[in-house]
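What follows is a single structure, written as structure tokens, with notes after it.
The values are calculated or read from the model by the stated rules, or taken from the named source; none is laboratory data. If you're wondering where the values come from, they're calculated on a predicted model, not measured in any experiment. Here Cβ is always computed from backbone atoms with ideal geometry, including for glycine, and neighbour counts include all displayed protein chains. Surface areas here come from the heavy atoms of the whole protein model, side chains and all, with no ligands, DNA or RNA. Shrake-Rupley method; radii C 1.70, N 1.55, O 1.52, S 1.80 Å.
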Amino acid sequence: MRKYRYIVFFLLGIFFSTMAYAQTEMPYSRENQLDINNAEFEDIALLPISRSLAEKIHERIQYGGPFGSIFDLRDFEEIDQPLFLTLKPLIRIEPYMVQSEREQRLAALYFNLDRWGGEEGTNQALVDTWIEQALEPINVNQMRLEQLLNLQGVSPVDAAAIINYRNQVGEISSLRDLRSAPYLSWFGYRNTRNFVSFDQDEAPKEFHGSLLYRMSNTPFLTEEADVTGASVDDLANAGGNSYPDVYSRLISNYGTDIKLGASYWRSLGEPNLTTDIGFTELPNLKFYLGLENKKLGPIELRKLYLGNYHVAFGQGIVMDNTDFFTPRKSGFGFRKRFLGLSGDNSRTRQFKFTGAAAEFAFKNAHLFLFGGFDKRDALLNRTPILFEGEEIHPFNQLIVLDQRFEYAPQDTSRRIDTLPWRNSVKELTYGFHAAYDILPTTQMGVTYYESAYDRPLRPDILEVVNGGDVGQIGLPDNEVFNSYGGSLSDGSNPLWGDAKSFRRVFGLNLQSVYQNVAIQAEYAELDKADGMALFRQDRNPWAFVGSAYVQYNSFNFLALYRNTQLGFDNPYQRSFSNYRRFKRTIFEDYFYLQDEFYLQLYSNNPQPQAERGWYFSTRYQINRKFVLSMEYDNWLRNSDDVPQYRLRGNVQFRPIFPVIIDLRQKYQGREALNDNTLEYFENFEFRARARFRLSRFNELALIYGDSRVDFRPRPRLSFPTDPTPPGDEYDNSNLAGSKSLGGDLIGGYYTHNFNEWLKVRGFLGFYKGFYWTFEDTQFFVVNSDRGATRYWLSVYSRISNRMSLRFKYTHDHQQPINFIQTRDSGNEVVEPGNSLYVPGQIYQGSLQQNNQEFYYMELNYHF
């Protein structure tokens with residue numbers, strides 16, 4: 001009955017919201033007059049006039065000049081004396097503000113800049129490109145295929161359509177001309193137009209850029225937050241503090257050929273990390289300097305970057321140096337990756353490249369060269385080995401850290417032995433990507449890189465897991481045992497005398513578009529047999545991703561197959577997978593590890609898990625009212641052949657234009673047909689959202705969700721049905737089990753634009769169980785076993801055309817409990833007379849009611 005009560009509340013909310021929408025008032029008054037000379041068309045259209053008259057007024061201002069007097073409105077035949085008297089108190093006449101081209105684009109695109117400003121981490125190279133190119137668009141007749149592919153919402157079919165049409169007609173001269181390109185979808189056209197120009201004149205040499213400052217006390221993606229039991233003393237001994245998360249970034253350019261960028265990130269609670277330059281210490285910054293589009297005789301130097309840079313090719317199997325994992329990273333839609341070379345301003349710290357990289361082109365041939373030297377965070381083995389007559393501690397695994405403490409907070413033995421995990425391994429990496437355009441939209445390429453380390457590589461599970469636990473639970477997962485290393489990895493390097501081990505990966509990739517069909521594939525091997533062993537018996541560990549995509553104006557379909565072998569341990573692999581590396585291994589169970597913070601071997605691992613299987617995705621717009629979309633993923637985990645699936649369907653319905661109803665259903669499971677294993681689970685998740693678009697881009701949204709996870713009954717997870725059975729007054733044996741966990745969500749969002757300079761957004765809701773959501777520009781994953789009330793309020797202000805400020809406050813109010821986690825209390829009965837005894841309580845513990853408060857502040861300045 002409780003579930004139906006929520007549905008009733010949800011439907012009542014839709015009813016009252018529709019009534020509120022119907023009673024929305026016109027926004028202008030004597031106290032809030034419209035500055036008509038400086039208004040956009042959408043603002044003029046909100047006056048009590050017809051849309052056609054609003055268009056005429058807007059065109060008059062744009063092409064005939066601003067109004068000098070309110071009485072100039074009488075020049076329009078449609079405005080008679082009664083209408084004029086109605087409009088007069090709603091409008092004011094101000095001088096027309098002359099803006100530079102950049103200021104005009106800032107004003108026109110502020111909504112996009114607001115949305116892109118919240119992106120971070122996984123898409124930073126893309127976001128930097130979007131901001132830079134939106135404010136200084138490139139002539140579409142000079143753009144290359146990969147530049148079009150990196151634009152927001154542009155598919156390979158869209159990019160190829162523009163290239164082929166340009167080759168066919170010689171030059172694209174206008175947006176109308178661009179829209180005529182065969183096989184270019186409406187969605188692709190709409191996104192492309194924000195980033196391109198048709199002006200043949202060379203842009204003046206001016207210095208422009210964008211500054212961002214962000215401060216928050218919320219962790220970056222809270223999915224794995226607060227799972228460890230480290231005490232305040234543990235964190236203090238490790239160098240922790242109560243400092244907030246701080247991220248600042250500069251992207252700038254001088255003209256179109258010189259790029260400059262810098263960034264700084266200190267994670268929540270992390271010590272201040274600095275670099276000693278002799279006479280002073282500087283914060284650990286990332287920095288790059290780039291030079292683009294230069295001719296070296298017949299060779300074109302497309303890009304040259306010094307400092308920190310990012311490179312990614314193909315399907316991300318061989319190379320994509322980011323610290324962040326993105327599930328189902330297909331390269332399409334919202335799962336795109338930046339392809340090619342760019343300066344690196346992201347939060348990536350572990351797998352950043354510091355050095356030099358360049359892109360050259362000669363006719364149809366392309367060559368990328370890259371190299372870098374960095375210190376990596378890694379877990380060092382406590383047991384040394386004798387290596388070439390020298391006793392040395394090898395490294396076990398590379399690790400991406402949330403807070404880069406010098407030592408793991410709870411691992412006192414490594415602290416005593418002076419075995420830090422921060423900057424504990426030096427790495428030299430270099431490689432290339434060579435490609436050739438067989439046809440204008442068909443390209444084949446080869447990618448190679450080699451990394452050398454100053455320590456031997458010895459992945460030993462006994463150096464991570466408590467020895468007694470390994471004996472108790474038996475052999476852990478094959479994925480751990482197939483980590484790359486051992487004597488096979490030992491070797492020298494001709495460019496670096498300190499090298500003691502190495503890793504070498506190479507691969508082939510293909511992309512081709514024919515009309516409205518795109519084919520993409522990449523195959524790669526981890527070298528264990530002196531070269532590519534595709535057709536040899538002693539075949540190297542390998543990985544493959546291939547996809548086919550077909551696109552029409554209202555329909556698209558993607559089919560993708562991936563297969564990553566267990567032994568393909570490439571730390572720079574970011575290809576398609578549903579789960580990250582070490583999922584469901586002993587590294588996921590932090591209580592078995594020598595330090596709970598070693599959980600980050602799994603929770604922060606950006607590598608994909610070794611999976612094989614098919615993924616399908618489709619979207620079909622039936623008409624203006626109905627849009628259907630679907631994802632289906634069916635795969636096996638290569639370490640044990642466990643079958644898993646994920647099916648998500650979405651229906652979007654618009655009964656009238658301002659009302660949008662989204663219905664989303666997801667089914668996900670593991671070992672669904674096997675009744676003889678505890679590995680089984682199935683998840684059923686439903687979510688409904690109704691959005692009401694009000695005047696002035698205001699929006700009201702209501703959301704309802706319901707989920708259930710089924711698994712095999714495990715009595716140890718539940719409390720006894722009868723704590724005092726006959727014959728044993730304090731017998732606390734578990735007599736009942738649980739086989740299902742439910743979850744509910746109900747809430748509402750509201751966005752109110754006071755004007756184009758000030759916006760307020762907020763949410764109020766109740767959830768129980770697992771819940772993921774986008775909150776303004778942040779993504780959260782939260783969970784509450786008892787239920788919680790959550791609300792947040794965000795204020796966004798455009799202080800000027802160039803500056804914006806955002807502040808957000810979040811409060812999470814948990815329902816109270818009168819017991820605590822059994823691992824903390826030992827699940828011990830507290831008898832009467834004990835100082836800890838509380839009437840009505842069975843287990844040791846006290847009343848707890850957790851409340852969390854978060855803040856988020858962001859400042860943007862464009863110049």
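Here Lys363 is the anchor, and the lysines within straight C-alpha reach of less than 23 Å, apart from those fewer than 8 places off in the same chain, are Lys294, Lys295, Lys303.
A simple spin-label model places the labels of Tyr861 and Met444 5.3 nm from each other, with each point 7 Å out along Cα-to-Cβ. Restricting the trypsin sites (Lys or Arg not before Pro) of the stretch 341-397 to loop positions (DSSP other than H, G, I, E, B) with no more than 11 neighbouring Cβ atoms within 10 Å leaves Lys363. Label zone of Tyr63 (point 7 Å out along Cα→Cβ, amide N under 11 Å): in the stretch 73-95 this covers no residue at all. Computed over protein heavy atoms with a 1.4 Å probe, the carbon and sulfur contribution to the accessible area of the stretch 362-459 reaches 54%. Placing a pseudo-label 7 Å from each Cα along the Cα-to-Cβ vector at Ala548 and Phe626 gives an inter-label distance of 2.8 nm.
For Phe338, nonlocal amide neighbours, meaning residues 5 or more places apart or on other chains whose placed amide H falls under 5 Å from its own, are Leu126.
Extension gain, His208 to Tyr254: 0.36 nm times the residue separation minus the Cα-Cα distance gives 15.9 nm. Under 5 Å from the amide H of Ala408 lie the amide H atoms of Trp421, each residue being 5 or more positions distant or on a separate chain, with H modelled from the backbone and absent for Pro and chain starts. Taking the convex hull of the alpha carbon positions in the stretch 274-381 and averaging its projected area over all directions gives 10.2 nm². For the stretch 575-637, trypsin sites (Lys or Arg not before Pro) are listed when DSSP marks them as loop and at most 15 other Cβ atoms sit within 10 Å of their Cβ; the list is Arg624, Lys625.
Sequentially through the stretch 688-698, phi angles give Karplus couplings (6.51, -1.76, 1.60; θ = phi - 60°) of 10, 9, 10, 10, 10, 8, 9, 5, 6, 6, 5 Hz, Gly and Pro residues having no value and appearing as x. Under the simplified labelling scheme, the Ile385-Phe557 pair shows an inter-label distance of 5.1 nm, with each label point 7 Å from Cα along Cα→Cβ. Amide H to amide H, with H built 1.01 Å from N, Lys303 comes under 5 Å of Asn293, Glu359, counting only residues 5 or more places away or on other chains.
Here the Karplus relation 6.51 cos²θ - 1.76 cosθ + 1.60, evaluated at θ = phi - 60°, turns the backbone of the stretch 744-749 into coupling constants of 9, 8, 8, x, x, 10 Hz, with x for every Gly and Pro. Each of His310, Phe373, Leu339 was placed along the dipole of the stretch 292-373 (beta-carbon charges, centred on the mean Cα), and the one lying farthest toward the positive end is Leu339.
Annotation for the stretch 364-464: GluC sites (Glu not before Pro) lying in DSSP loop with at most 11 further Cβ atoms inside 10 Å of their Cβ are Glu388.
Label zone (Lys666, point 7 Å along Cα-to-C-beta; backbone nitrogen cut-off 18 Å) within the stretch 681-702: 681-690.
Each residue of the stretch 385-394 was assigned a 3J(HN,Hα) from its phi angle through the Karplus curve 6.51 cos²θ - 1.76 cosθ + 1.60 (θ = phi - 60°); the sequence is 10, 8, 10, 6, x, 10, 7, 9, 8, x Hz, with glycine and proline shown as x.
Order Ser492, Ser577, Ser197 by their accessible area, 1.4 angstrom probe, all chains in place, largest first. Before the final figure, lay out each step's value.
Values: Ser492 95, Ser577 0, Ser197 25 Å².
Descending order: Ser492, Ser197, Ser577.
If you bin all the Cα-Cα distances of the stretch 567-683 at 10 Å, starting from zero, the percentages per bin are 12, 30, 29, 18, 9, 2.
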